[in-house]
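So the structure is just underneath, and the comments pick up after that.
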């Protein structure tokens, strides 16, 4: 994936939102972290992977992918907030049940929230990418969905969402 392009797109969206909502001098890290965790929960809800009591199937893949890139928006934004950038590299495969992968991301987010460190950010990012792989999303699908949702987010700002 072209991480520099995605970070640039996210930076433009963040700057627009922060300017238009008079947040330029606000510390937004905790809000962004909570937003990421909420999106992660919404993603889990769409997969229904934890709903052992239900036979209802997961949402369609396109809906799950949209929730995934909602989380990616906030993950990129968190990196920008801290001056951290994920550097693309091949991830070692980790075979975990989907529920365990979600929990790994939640734990990594907690560690990053406590330290705001580079190592913890890269670990969180890697676990989130592993989650995307576990959901069977290709890098090209993720990039295309991110671009689409970024456009939607700009349109929402135009409409005073």
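Each reported figure results from applying straightforward, stated rules to the coordinates on display, with no laboratory input. Being a predicted model, the structure only gives us computed values, none of them experimental. When we count neighbours, we look across all protein chains shown, and the Cβ atoms used for this are built from the backbone with ideal geometry, even at glycine.
With the simple spin-label model, which puts each label point 7 Å out from Cα in the Cβ direction, the residue 27 to residue 51 separation comes to 3.9 nm.
Which whole-angstrom value gives the distance between the alpha carbon centres of the range 1-31 and the range 73-102? Each part reduced to its Cα centre gives a spacing of 18 Å. Extension gain, residue 42 to residue 91: 0.36 nm times the residue separation minus the Cα-Cα distance gives 15.2 nm.
As a rough guide to protection, the peptides 127-133, 155-161 ranked by mean Cβ packing within 10 Å, highest first, stand as 127-133, 155-161.
Each peptide among 104-117, 35-48 gets the average number of other Cβ atoms lying within 10 Å of its residues, and from highest to lowest they stand as 35-48, 104-117. For the chain, the square roots a ≥ b ≥ c of the C-alpha gyration tensor eigenvalues yield an a/c of 1.5 or more together with a/b exceeding b/c, which makes the shape prolate. In the chain, the calculated helix contribution to ellipticity at 222 nm averages -24000 deg cm²/dmol per residue, counting -39,500 (n - 2.57) for every DSSP H run with n ≥ 4. The relative contact order of the chain comes to 30 percent, based on Cα pairs under 8 Å that sit 6 or more residues apart.
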